[in-house]
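*Asks:* I'd like to ask you about the structure that follows.
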Amino acid sequence: MTTGTVATEGVRLVYRRFSAFHRFNHYLVMTSFFGLVLTGLPLKFKDSYFSQQLMNAIGGVEAAGFIHRTSAVLNILYFVLEAGYMAWYVAARKGPIFSDDSIVPGKKDWQDMKGMFRWFFGRGPKPALNRFTYWEKFDYWALFAGTVLIGGSGLMMWFPEATTRILPGVTLNVALVIHSNEAFLATGVIFIFVHFFSAHGRPESFPADQVIFSGYLPVEHYVHERPLEYENRLKDGTLDQVVTLAPSPQRRRMFGWITAAVTVFAFLAATYTFLLIIWPLVF
Amino acid sequence: MAGGARNSVSGLAKEFTFLMRWAFSAFVLYLAALMLVAVPALAQTQTTVPETSLTDRCLTCHRQEYLGRLQVDEQQKDLYVDPAAYKDSAHGLLPCNACHTGFSHDPHQMVTNAEFFAETAGEACRNCHDDQFEMYKQSYHGTLTRDIASDGVEAPECVDCHGTHAIQEVATLEYRQSIQDVCGTCHGGRESTFLDTYHGKAITLGREAAATCVDCHGAHSILPISNPQSTLSRANILSTCQQCHPQASQGFTTFLVHITPTSPKAPVIVFLVAVFYLVLIIAVFSFGGIHTLLYIYRGIKDGLYFGKGGH
Ligand code: HEM
C-alpha cells in the first residue's frame, strides 16, 4: 500500500472490522460484565477490606443484588443477540463457517500458537495471523460458553424456590460452585490474562485498541496485524468489501475519547478487582 | 340594725368555722393521700439511689485494669470490668448486685460470694429471663451442661453466647453478625461451611435479613437434627425455611448448608464440579500468564512497544 506522505489528508483509508451490531453487543457485554463483577466478586471474597468498602459504596448487599440482577438481564440479552446472530449467519449462509476467515477454531490456530511460541523464544518469525487469532477465538468462545454456565446457574440462584420445585436441592449447591468459580475464571481471563492484555497490553494494541468502539482500523495497521486475511482478500478480490473511507475527524475524535474513557475505567476496575482478590491472601 | 348586724356576723362566723372544719379535714385527707403515694415513691428513690451508686462503688475498684491480671490463690483471674462497655450494654442501668446477689456492701465478702457465684452463674440470669432459661435447660446445650460438662465437654452457658458485662441487644446487625463466631468457637467446621453459602456471605457484608445459625437452629432451643423437636427435623425444616422463603417447597429444604465442595465427603456431583474448576482455573491462568509474559518479553526485546513495529 502507498501510505503516509502520498495519501494526503482526506484520502485516509480504513479497514472495517466490526459492524454496528457487533460493536453494540460489545458495549452491552462490557457494561453488564463490569456491573456483574463489581457486585458479585465482593460476595465471593467477603473477607476482603475492599469488598466491604465496595458494598458500602454501592449501598449494601441488597442494592448490590439489584444491580447484579439488572446487569444479568443485559448480559443475557447479549447472549440472546449473539446466539441469534450465529443462527442467522449459519441459516442464511452469510459466509463460510470452517475457513481461515471464520471465528471457528481450526488446525491453523494450533499451528499459529506453536509459531507464536517459537517467535517468543526467538526461534522464528512471527506467524502471519488470521482475521481472528487463536486467543481472540478463545476469548470469544470462552465468554459465549461461560455465559451459558454462569447465566444458567445465576438464574437458578435467582429463583431458588422455583428451581427446587423441579430439581433436588443439591442443584443449588452445584449452581453455586459453578457460578462462583466460573465468575472467578471469567474475571481472570477478561481482566488480566487474555482480554485486557489482548486489547491493551500487546505491542500491536498498546496502550489501547479502539477498533471495537469505532469498528475500523487504519489500513496500514490492518496489513501489519492481519497479514493473512489481507493476502486472502487481495487474492479473492474481496478487499473492497472491507476497506472504506475513514470517518470524519469529529467522529474519529469521538471514538478516541470513548476508547480513552473506557480504558481508564477498565484499568481502575481491574486494579480494584485485583486488590480485592489478593487482599485476603496478603492480610 | 346593730343586733341584726351582730347576728349576721355571728352567723357568718359560724359559717366560717364550719367551712374551716371542712377545709381542714379535706387538707388532712389530701395529706394522707399524698403520703400514700409519696412514701412508696420515696422509699423507691431511697433504694435505687444508693444502688446506682453501688455500681459506681464497685467500679471504683473493678475499673482498675490491673484487676484484669490478678493472682488469687495462685489462680490467674480477670476481675476487670470495662465501665464504658457496661454502661452501653443492655444491662447498663442494672446495679451490679442484680446478678451478683449477695454483694451489697463493700469491701465485700469476696471468698464466700465468689464460691456462691461460681456455681450459680447461669442462675444469675434466671431471675429476670426465666423463659430463656427454661428453654435453654431443655435444649441440647442445656442438658450437656448438666450431664457431660464434668467429662470435660464444654457446652455454652448464657454468658458464653451473650458475654457478661457487655451484653448487647440481640436485634441488631452487630449482634447478628457475631453469632456465627460465637457458635464457631466450638463448631468451627460448621461456621466455615456456612460462610460459603449466600447466607453467610451476605450477613458478613451487612445484610441483616440473611439467615444466621440461630435462624435455622434456634438459639435457646437447639437440638440435634435427629430430634423430632428440632427446628430442622424432617417435620419442621420446611416451616423454618418458610419464615423467610414463603415459596419454599420440600425440595428447597434439601439444599446442603454445611458442605465443603472440594472435600470428597461432599455429594459426588458437587465434588467433581469443584475439582474440575480447580484444575481448569489453574490451567487457564498458568497458560494465560505464561503466554502474556512471553509476549511482553518479546515485545520489549524487539522494541515493538514504542518503535516502528507497533502503531
Ligand atoms: C448472566 C447472568 C447472571 C445471573 C442471573 C446472576 C445471578 C446471580 C445471583 C442471583 C447471585 C446470588 C447473589 C445475589 O443475589 O446477589 C449471584 C452471585 C454471584 N455472581 Fe452472578 N449472575 C450472573 C452473571 C455473573 C457474572 C458474569 C459474574 C462475574 C463474572 C457473576 C459473579 C457473581 C459472583 C462472584 C457471585 C457470588 C458467588 C459466591 O457466592 O461465591 N455473576 N449471581
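*Asks:* Going through the stretch B:263-302 one residue at a time, which ones are of a type in the set (Ser, Thr, Tyr) and either surrounded by 13 or more Cβ atoms within 10 Å (Cβ to Cβ) or within 30 Å of A:LEU217 (Cα to Cα) (or both)?
*Replies:* Answer for the stretch B:263-302, where residues must be of a type in the set (Ser, Thr, Tyr) and either surrounded by 13 or more Cβ atoms within 10 Å (Cβ to Cβ) or within 30 Å of A:LEU217 (Cα to Cα) (or both): B:TYR277, B:THR292, B:TYR295, B:TYR297.
*Asks:* Might you let me know whether the stretch A:212-223 holds any residue that is on the phi > 0 side of the Ramachandran plot and in contact with a Phe, Trp or Tyr (Cβ under 7 Å, 6 or more places away or on another chain)?
*Replies:* yes
*Asks:* Which of the residues belonging to the stretch B:254-277 are facing chain A (nearest Cβ under 7 Å) and over 35 Å from the mean Cα position of the chain (by Cα)?
*Replies:* Answer for the stretch B:254-277, where residues must be facing chain A (nearest Cβ under 7 Å) and over 35 Å from the mean Cα position of the chain (by Cα): B:PRO267, B:ILE269, B:VAL270, B:VAL273, B:ALA274, B:TYR277.
*Asks:* May I pose another question? Given the structure, is A:GLU231 surrounded by fewer than 18 Cβ atoms within 10 Å (Cβ to Cβ) and either touching a residue at least 40 places away in the same chain (Cβ under 8 Å) or over 18 Å from the mean Cα position of the chain (by Cα) (or both)? Spell out how you get there, then give the answer.
*Replies:* Values: surrounded by fewer than 18 Cβ atoms within 10 Å (Cβ to Cβ): yes; either touching a residue at least 40 places away in the same chain (Cβ under 8 Å) or over 18 Å from the mean Cα position of the chain (by Cα) (or both): yes.
Considered against the rule, which asks whether it is surrounded by fewer than 18 Cβ atoms within 10 Å (Cβ to Cβ) and either touching a residue at least 40 places away in the same chain (Cβ under 8 Å) or over 18 Å from the mean Cα position of the chain (by Cα) (or both), A:GLU231 comes out as yes.
*Asks:* With respect to A:PHE196, determine if the residue is more than 7 Å from every other protein chain (Cβ to nearest Cβ) and either within 25 Å of A:GLY84 (Cβ to Cβ) or open to solvent by less than 20 Å² (accessible area, probe 1.4 Å) (or both).
*Replies:* When the stated conditions are applied, A:PHE196 does not pass them.
*Asks:* Here is a further query. Pairs needed: first member in the stretch B:186-214, under 19 Å from A:LEU172 (Cβ atoms) and in the same structural domain as B:CYS161 (by TED's automatic domain parsing); second member anywhere, open to solvent by 50 Å² or more (accessible area, probe 1.4 Å) and within 10 Å of the ligand (Cβ to nearest atom); C-beta distance under 7 Å; at least 6 residues apart or different chains.
*Replies:* Cβ pairs passing all conditions: none.
*Asks:* Here is a follow-up. With the structure loaded, tell me whether B:THR240 is facing chain A (nearest Cβ under 7 Å), at negative phi and modelled with pLDDT of 95 or more or whether it fails that test.
*Replies:* Numbers: facing chain A (nearest Cβ under 7 Å): no; at negative phi: yes; modelled with pLDDT of 95 or more: yes.
Criteria not met by B:THR240.
*Asks:* For the stretch B:62-95, give me each residue that is in contact (Cβ under 8 Å) with a residue 12 or more places away in the chain, part of a helix (DSSP H, G or I) and surrounded by 11 or more Cβ atoms within 10 Å (Cβ to Cβ).
*Replies:* Of everything in the stretch B:62-95, those that are in contact (Cβ under 8 Å) with a residue 12 or more places away in the chain, part of a helix (DSSP H, G or I) and surrounded by 11 or more Cβ atoms within 10 Å (Cβ to Cβ) turn out to be B:HIS62, B:LEU67, B:GLY68, B:PRO83, B:ALA85, B:TYR86, B:ASP88.
*Asks:* Shifting gears a bit: If you take the residues in the stretch A:68-109 that are near the ligand (Cβ under 10 Å from one of its atoms) and within 14 Å of chain B (Cβ to nearest Cβ), which one is farthest from A:LEU43 (Cα to Cα)?
*Replies:* A:ARG69
*Asks:* For the structure I just gave you, tell me whether B:TYR305 is crowded, with 17+ Cβ neighbours inside 10 Å and modelled with pLDDT under 95. Outline the logic, then answer.
*Replies:* On the way: crowded, with 17+ Cβ neighbours inside 10 Å: yes; modelled with pLDDT under 95: yes.
When the stated conditions are applied, B:TYR305 passes them.
*Asks:* Counting residues that are within 12 Å of the ligand (Cβ to nearest atom), which helices (runs of 4 or more DSSP H) fully inside the stretch B:176-223 reach at least 1?
*Replies:* Once the helices (runs of 4 or more DSSP H) in the stretch B:176-223 are filtered for at least 1 residues that are within 12 Å of the ligand (Cβ to nearest atom), what remains is B:188-195, B:198-204.
*Asks:* I would also like to ask the following. Can you name the residue in the stretch A:42-54 that is within 11 Å of the ligand (Cβ to nearest atom) and outside any loop (DSSP other than H, G, I, E, B) and is also farthest from B:LEU173 (Cα to Cα) among such residues?
*Replies:* The qualifying residue farthest from B:LEU173 (Cα to Cα) is A:LYS44.
*Asks:* Take the stretch B:191-208 and flag every residue that is within 8 Å of another protein chain (Cβ to nearest Cβ), closer than 16 Å to B:CYS244 by Cα and open to solvent by 30 Å² or more (accessible area, probe 1.4 Å).
*Replies:* Across the stretch B:191-208, the qualifying residues are B:TYR198, B:ARG207.
*Asks:* Another question, then. Being within 23 Å of A:HIS26 (Cα to Cα) and buried (at least 16 other Cβ atoms within 10 Å of the Cβ) is the filter here, so list the residues in the stretch A:101-129 that pass it.
*Replies:* A:ASP101, A:SER102, A:LEU129
*Asks:* For the structure I just gave you, tell me whether B:TYR80 is at pLDDT 70 or above, over 30 Å from B:HIS220 (Cβ atoms) and of a type in the set (Phe, Trp, Tyr). Reasoning before the result, please.
*Replies:* On the way: at pLDDT 70 or above: yes; over 30 Å from B:HIS220 (Cβ atoms): no; of a type in the set (Phe, Trp, Tyr): yes.
For B:TYR80, the condition - at pLDDT 70 or above, over 30 Å from B:HIS220 (Cβ atoms) and of a type in the set (Phe, Trp, Tyr) - is not met.
*Asks:* Follow-up. Scan the stretch A:82-126 residue by residue and report those that are of a type in the set (D, E, K, R) and in contact (Cβ under 8 Å) with a residue 24 or more places away in the chain.
*Replies:* Of everything in the stretch A:82-126, those that are of a type in the set (D, E, K, R) and in contact (Cβ under 8 Å) with a residue 24 or more places away in the chain turn out to be A:GLU82, A:ASP100, A:ASP101, A:ASP109.
*Asks:* Does B:THR212 fit the bill of being under 14 Å from the mean Cα position of the chain (by Cα), within 14 Å of chain A (Cβ to nearest Cβ) and open to solvent by less than 30 Å² (accessible area, probe 1.4 Å)? Break it down into steps so the answer makes sense when it comes.
*Replies:* Values: under 14 Å from the mean Cα position of the chain (by Cα): yes; within 14 Å of chain A (Cβ to nearest Cβ): yes; open to solvent by less than 30 Å² (accessible area, probe 1.4 Å): yes.
Here the answer is yes, as B:THR212 does meet what is asked.
*Asks:* Here's something else I'd like to know. How many residues does the stretch A:157-196 hold that are more than 8 Å from the ligand (Cβ to nearest atom) and without any contact (Cβ under 8 Å) to a residue 60 or more places away in the chain?
*Replies:* Count: 26.
*Asks:* Any residue in the stretch A:16-28 that is buried (at least 16 other Cβ atoms within 10 Å of the Cβ), assigned to a helix (DSSP H, G or I), near the ligand (Cβ under 10 Å from one of its atoms) and modelled with pLDDT of 95 or more?
*Replies:* no
The values are calculated or read from the model by the stated rules, or taken from the named source; none is laboratory data. All values reported here derive from a predicted model rather than from experimental measurement. With ideal geometry, Cβ positions are generated from the backbone for all residues, glycine too; neighbour counts draw on all protein chains shown. Note: areas computed on protein heavy atoms with side chains; ligands, DNA, RNA excluded. Shrake-Rupley method; radii C 1.70, N 1.55, O 1.52, S 1.80 Å.
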